[in-house]
Amino acid sequence: MGLDIGRLLYGIRTKYQISVNDICRGICGVSTYCLYENDEMIPDILSVNIFLDRMGFGILGLTAYISEKEVVYFKWKESTRACIRNENYKKLGMLLEHMPTGNVSLNKKIREQYAWFIKGIVAEKDTADLKKATECYEKALECTCGFLIKSQKIEGTFSVREIHIYAIYLNLLCKVNPKEKEEVISRFYQLMQYVNVHYVEEQQKVKIYPLLVCLWGNLVIEGKDTEGSFEIFEKTLELLRKQKSLYCLLEIMRLHILVGLKEKRDMSKEQEDIKILQSFFEEFGYRAQSQIYVPQSNEIMLEHVGQYLSTERKKVNFTQEKISDGICSVESYSRIENGRKPTRNNYKALTEKIGTENRYYIELVNTGNIDALLLRREISYELFMEKNERLPELLEELKTVLGEKEVAKNRQYLEFFQVSIEENTGRKTWNQCCDMFRNILSYTMNEKEIGKKRHVYTMLEINLIDHISVCMAKDGKSEEAMHLIKAFLDDMDFMKTEKYYETFLAKLNYARWRSDRGNFDEAECIYREGIEQRIRRNKTELLDEYIGEYAYNKYLKNNINEKQDVKRYLLYALVLSRMYGTQRVYKTILQFLKKINEED
């Protein structure tokens, strides 16, 4: 069972009373969009992204099953992000010349828009041709929302990407013609108001609002009138904290301090924090100035549909001839496994033949019910923050919203959530929780498949494996837990799929176990890679724990020359934990730092 994407699009649109014209304007025709909502066609991943974006609904937690050519495009796109982040604009220009072509299944207008945006950045930052850069940004906007340039009001629906390009365009206009400054300030403020009103989810708002505040604030701070800006900066910092985002953090903190000092406020604590964080970011290669140009990272997890069919086919011992018989030619089927996207009818017939799902998009809770998905996200947040009081109530509410039929279809997630509550509250022993998680995992996969490099994991299966390994370790079976996680991570490396969020906890636990066994150098590499990965993606989930464990690993080496390093990393972890982490983690890091200081 997959996510009912058509029903979801319809549910969000009608819930928030958004017109079809506003959603599909510049992207596709109204008749085409209606086919998507009516489940007569499956929209491509770029279209899904921008539709949900325009409705103010985030996509975190979504997995898409796509063709090899589509995967190549997204890998190319991630490479362009890396170039912008590292301010390597020469290489960015070269990548632009080798943009993947032939992705006919991906929305052409959205791909063209991104290409024009990259051309604009190269012109502005590499060749300093501001006139050409302005023209490129305008062409990018014209691909899907050209009316923004001429319109006096911000009306309609806009995605994060469209607002991002428009913001960069406005910022450049102000540089080219300083006389436009007041108009640009007003426009930025309108955009900030638009995002506040139209982006219903804070996880969506945090992708663009801090950037708008940052660009607006840099212009406002130059003038005499900064009234009300302190509160805006403060609320933006609170949004970043709540959504565990590093996006434009240093710049917002700097503006917050400047206005605070201007208003004669005591900003000594904030000044101390920013000094520590600046040191942290510099040490790990974060370039604050380039962040305003970096497009948001892809939050949809990607799977190769051909690889998925291949692994499922082999599990039931079907040859390519047997699975394709009566559906398509063997040659056509072979091309699907090697990267081509199957037609909708063929995909359905092939998956039915081997008794598996024809997946296009899947979520932790697979439904088209918008209220159920919003509840699922609230549950995930409460679980992560270790707020257990409301969890049983939220579980019952989710079951009611889903209804009997969809409760049965989402049995694996609901039971996983129930056992997670038992685990968090200590109502069951670690051994009991481990057995229950294992049983729930068995609904969709055989645990013996882990490590055999032939299973395409869902996000829920990965969460279950994480919990099984933790329960094992807590129950005194850390060696067994380590082997389980190592086998799983080997599968991930073999499949070469990007699962940033799901593997993050698994890698943290594996590094801990390696460190406990004296494999300090291996653990250090994993910790450092995890820290850098979090920074690259502007995320802080578990970041304080990674840094804290990184410091502890150095401490266990018992190297007198690394003592100051340990203190420095603990200080980084302490500040980030106070800002973003849980009380439990903050107390642990604080106690360890006190112990280190006492030893001196």
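The values are calculated or read from the model by the stated rules, or taken from the named source; none is laboratory data. Predicted model, so just to flag it, every value in this text is computed and none were measured. Cβ placement follows ideal geometry from the backbone for every residue including glycine, while neighbour counts extend to all protein chains displayed. All accessible areas refer to the heavy atoms of the entire protein, side chains included, with ligands and DNA or RNA removed. Shrake-Rupley method; radii C 1.70, N 1.55, O 1.52, S 1.80 Å.
Quick one: residue 32 ticks every box in (1) open to solvent by less than 30 Å² (accessible area, probe 1.4 Å); (2) within 21 Å of residue 348 (Cβ to Cβ); (3) more than 20 Å from the chain's Cα centre (by Cα) except a single one, so which number is it?
(1)
Looking at residue 185 and the list (1) outside any loop (DSSP other than H, G, I, E, B); (2) touching a residue at least 60 places away in the same chain (Cβ under 8 Å); (3) aliphatic (A, V, I, L, M), which single condition is not satisfied?
All conditions are met except number (2).
So is residue 119 of a type outside the set (A, V, I, L, M), surrounded by fewer than 20 Cβ atoms within 10 Å (Cβ to Cβ) and assigned to a helix (DSSP H, G or I) or not? Step through it out loud before you land on a result.
Values: of a type outside the set (A, V, I, L, M): yes; surrounded by fewer than 20 Cβ atoms within 10 Å (Cβ to Cβ): no; assigned to a helix (DSSP H, G or I): yes.
For residue 119, the condition - of a type outside the set (A, V, I, L, M), surrounded by fewer than 20 Cβ atoms within 10 Å (Cβ to Cβ) and assigned to a helix (DSSP H, G or I) - is not met.
Go through the stretch 426-438 residue by residue and tally those that are part of a loop (DSSP other than H, G, I, E, B) and either touching a residue at least 24 places away in the same chain (Cβ under 8 Å) or open to solvent by 80 Å² or more (accessible area, probe 1.4 Å) (or both).
Of the residues in the stretch 426-438, the ones part of a loop (DSSP other than H, G, I, E, B) are 426-429.
Narrowing the set further to residues that are either touching a residue at least 24 places away in the same chain (Cβ under 8 Å) or open to solvent by 80 Å² or more (accessible area, probe 1.4 Å) (or both) leaves 427-429.
Result for the stretch 426-438: 3.
Just checking: which of the helices (runs of 4 or more DSSP H) contained wholly in the stretch 1-93 hold 3 or more residues that are of a type in the set (Val, Ile, Thr)?
Working: elements: 5-15, 20-24, 30-37, 45-54, 68-85.
Of the helices (runs of 4 or more DSSP H) lying wholly inside the stretch 1-93, those with at least 3 residues that are of a type in the set (Val, Ile, Thr) span 5-15, 45-54, 68-85.
Filtering the stretch 330-376 down to residues that are basic (Lys, Arg) and open to solvent by 30 Å² or more (accessible area, probe 1.4 Å), which residue is farthest from the chain's Cα centre (by Cα)? Please lay out each step first, then the result.
Step one: of the stretch 330-376, the residues basic (Lys, Arg) are 335, 340-341, 344, 348, 353, 359, 376.
With the extra rule that they be open to solvent by 30 Å² or more (accessible area, probe 1.4 Å), the set shrinks to 335, 340-341, 344, 348, 353.
Values: 335: 31, 340: 26, 341: 25, 344: 28, 348: 29, 353: 34 Å.
Ranking the candidates gives 353 first.
Taking the conditions exactly as written (in contact with a helix residue (DSSP H, G or I) (Cβ under 8 Å, 6 or more places away or on another chain), surrounded by fewer than 20 Cβ atoms within 10 Å (Cβ to Cβ) and charged (D, E, K, R)), does residue 474 satisfy them or not?
yes
Working only within the stretch 557-600, note down all residues that are over 31 Å from the mean Cα position of the chain (by Cα) and either in contact (Cβ under 8 Å) with a residue 60 or more places away in the chain or not in a helix (DSSP H, G or I) (or both).
557, 558, 559, 600
Return the total of residues in the stretch 195-211 being assigned to a helix (DSSP H, G or I) and open to solvent by less than 10 Å² (accessible area, probe 1.4 Å). First the steps, then the outcome.
The initial filter retains those residues of the stretch 195-211 that are assigned to a helix (DSSP H, G or I), namely 195-198, 202-205, 209-211.
Within this subset, residues satisfying the condition of being open to solvent by less than 10 Å² (accessible area, probe 1.4 Å) are 195, 204, 210-211.
The total comes to 4.
Is it the case that some residue within the stretch 237-252 is among the polar types (S, T, N, Q), under 23 Å from residue 577 (Cβ atoms) and part of a helix (DSSP H, G or I)? It would help to see each step written out before you state the result.
Taking the stretch 237-252 first, the residues among the polar types (S, T, N, Q) are 243, 245.
Going one step further and asking which of them are under 23 Å from residue 577 (Cβ atoms), we end up with 243, 245.
Restricting the remaining residues to those that are part of a helix (DSSP H, G or I) gives none.
No, every residue in the stretch 237-252 fails to be among the polar types (S, T, N, Q), under 23 Å from residue 577 (Cβ atoms) and part of a helix (DSSP H, G or I).
Count, please, the residues in the stretch 143-181 that happen to be under 21 Å from residue 109 (Cβ atoms) and not in a helix (DSSP H, G or I). Can you show your working first?
Our first condition is that a residue be under 21 Å from residue 109 (Cβ atoms); within the stretch 143-181, this holds for 143-151, 154-169.
Then drop every residue that is not not in a helix (DSSP H, G or I), which leaves 145-146, 151, 154-159.
The qualifying residues number 9.
Looking for whichever is without any contact (Cβ under 8 Å) to a residue 12 or more places away in the chain, surrounded by fewer than 20 Cβ atoms within 10 Å (Cβ to Cβ), farther than 21 Å from residue 229 by Cβ and charged (D, E, K, R) here; the options are 139, 125, 150. Which one fits? Even if it seems obvious, please write down each step before you answer.
Working: 139 fails: without any contact (Cβ under 8 Å) to a residue 12 or more places away in the chain; 125 fails: without any contact (Cβ under 8 Å) to a residue 12 or more places away in the chain.
Going through 139, 125, 150 in turn, the sole match is 150.
List pairs: first in the stretch 385-406 and closer than 26 Å to residue 426 by Cα, second of a type in the set (Lys, Arg) and open to solvent by less than 50 Å² (accessible area, probe 1.4 Å), Cβ under 7 Å, 6+ apart or cross-chain?
Close Cβ pairs satisfying both conditions: 398/376.
Being modelled with pLDDT under 90, closer than 21 Å to residue 473 by Cβ and hydroxyl-bearing (Ser, Thr, Tyr): is that true of residue 425 here? Walk me through how you get there before you give the answer.
Values: modelled with pLDDT under 90: yes; closer than 21 Å to residue 473 by Cβ: yes; hydroxyl-bearing (Ser, Thr, Tyr): yes.
Yes.
Need pairs with beta-carbon distance below 9 Å; first residue within 13 Å of residue 552 (Cα to Cα) and part of a loop (DSSP other than H, G, I, E, B) and within the stretch 513-531, second open to solvent by 50 Å² or more (accessible area, probe 1.4 Å) and not aromatic (Phe, Trp, Tyr); sequence gap 6+ or separate chains.
Partner pairs satisfying both residue conditions: 518/556.
Is it the case, given these coordinates, that residue 140 is closer than 20 Å to residue 78 by Cα, outside any loop (DSSP other than H, G, I, E, B) and among the small types (Gly, Ala, Ser)? Walk me through it before giving the result.
Values: closer than 20 Å to residue 78 by Cα: yes; outside any loop (DSSP other than H, G, I, E, B): yes; among the small types (Gly, Ala, Ser): yes.
Here the answer is yes, as residue 140 does meet what is asked.
Count, please, the residues in the stretch 303-326 that happen to be among the aliphatic types (A, V, I, L, M) and surrounded by fewer than 18 Cβ atoms within 10 Å (Cβ to Cβ). Reasoning before the result, please.
Residues of the stretch 303-326 among the aliphatic types (A, V, I, L, M): 305, 309, 316, 323.
Narrowing the set further to residues that are surrounded by fewer than 18 Cβ atoms within 10 Å (Cβ to Cβ) leaves 316.
The total comes to 1.
Residue 453 passes all but one of (1) within 23 Å of residue 359 (Cβ to Cβ); (2) modelled with pLDDT under 90; (3) assigned to a helix (DSSP H, G or I); (4) open to solvent by 70 Å² or more (accessible area, probe 1.4 Å); which number fails?
Failed condition: (3).
Got a sec? Which of 441, 460 is in contact (Cβ under 8 Å) with a residue 60 or more places away in the chain, under 23 Å from residue 489 (Cα atoms) and either in contact with a helix residue (DSSP H, G or I) (Cβ under 9 Å, 6 or more places away or on another chain) or of a type in the set (A, V, I, L, M, F, W, C) (or both)?
On the way: 441 fails: in contact (Cβ under 8 Å) with a residue 60 or more places away in the chain.
On inspection, the qualifying residue turns out to be 460.
Sort out which residues of the stretch 260-279 are basic (Lys, Arg) and farther than 23 Å from residue 224 by Cα, and write them in order of number.
269, 275
Which residue pairs have Cβ atoms closer than 9 Å, lie 6 or more positions apart in sequence or on different chains, and pair a first residue in the stretch 212-225 that is under 12 Å from residue 182 (Cα atoms) and touching a residue at least 60 places away in the same chain (Cβ under 8 Å) with a second residue that is open to solvent by less than 20 Å² (accessible area, probe 1.4 Å) and not in a helix (DSSP H, G or I)?
Partner pairs satisfying both residue conditions: none exist.
Give the residue that is surrounded by the fewest Cβ atoms within 10 Å (Cβ to Cβ), with candidates limited to residues of the stretch 221-235 that are modelled with pLDDT of 85 or more, of a type outside the set (Asp, Glu) and more than 12 Å from residue 185 (Cα to Cα).
If we take residues in the stretch 221-235 being modelled with pLDDT of 85 or more, of a type outside the set (Asp, Glu) and more than 12 Å from residue 185 (Cα to Cα), then 228 is surrounded by the fewest Cβ atoms within 10 Å (Cβ to Cβ).
Looking only at the stretch 580-600, which residues are open to solvent by 100 Å² or more (accessible area, probe 1.4 Å) and under 13 Å from residue 547 (Cα atoms)? Let's see the steps before the verdict.
Here is the first cut: in the stretch 580-600, the ones open to solvent by 100 Å² or more (accessible area, probe 1.4 Å) are 583-584, 587, 591, 594, 598, 600.
Passing the criteria: none in range.
How about the stretch 532-547: which of its residues are assigned to a helix (DSSP H, G or I), open to solvent by 10 Å² or more (accessible area, probe 1.4 Å) and closer than 26 Å to residue 480 by Cα?
Result: 545, single match.
Mind listing just one residue for me: the one in the stretch 242-265 that is closer than 30 Å to residue 533 by Cα and open to solvent by 80 Å² or more (accessible area, probe 1.4 Å) and, of those, modelled with the lowest pLDDT?
My answer is 242.
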